[in-house]
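Here is the structure we will look at.
Where a number appears in this text, it was derived from the coordinates with a stated rule and is not lab data. This structure is a prediction, so every number in the text was calculated from the model and none was measured. Cβ coordinates were reconstructed from backbone atoms using ideal geometry, including for glycine residues, and neighbour counts include every protein chain displayed.
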């Protein structure tokens, strides 16, 4: 009887120290380490899926915002124009895609005077040279059409902003 108790105590001690992983391994089942790795993979895959959904949702929202702003601009009579009269070199030097064009002048000094008025009023501006010698005054540069609407409405309140102002898209 005493031998049986010693054997049972020994088996219990082995089982207590080895844990379930020993039996899982013997049965060909995943160990707790394997389960932890799989859990981390599931969490990472879920995070990647959520990030992808968020990215799609954000893109849809930006598209909807852009369409709404574009519709507002068109209803306000604000045209969006491109021009092949701006040389590729001048386009390459332009830091942004969109500009509000306040005027285009045959005399570069007139364009510089308007640019000074715009700059003095606190707006960022840039002179845009055309191939035919015309110089346009581009204001409130941006790479996002949606962000152009607010500054354009602010510009329209200024005395130097003509009703004929338009948005230039360099692409």
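Ordering 160, 168 by the number of other Cβ atoms within 10 Å of each residue's own Cβ, fewest first, gives 160, 168.
At a 10 Å Cβ-Cβ cut-off, how would you order 135, 82, fewest neighbours first?
By the 10 Å Cβ count, ascending: 82, 135.
Taking 0.36 nm per residue of separation and subtracting the Cα-Cα distance, what length does fully extending residue 95 through residue 75 add?
4.4 nm
The angle between the Cα long axis of helix 32-75 and the main principal axis of the chain comes to about 20°, on a 0 to 90 degree scale.
For the chain, relative contact order (Cα pairs under 8 Å, six or more residues apart, normalised by length) works out to 25 percent. Once the Cα atoms are used to define both axes, helix 2-18 deviates from the longest principal axis of the chain by about 10 degrees. Ranked for footprinting exposure by Cβ neighbours inside 10 Å, fewest first, 116, 157 give 157, 116. Measuring nothing but how far apart in sequence close Cα pairs (under 8 Å, 6+ apart) lie, relative to its length, region 79-169 scores a relative contact order of 42 percent.
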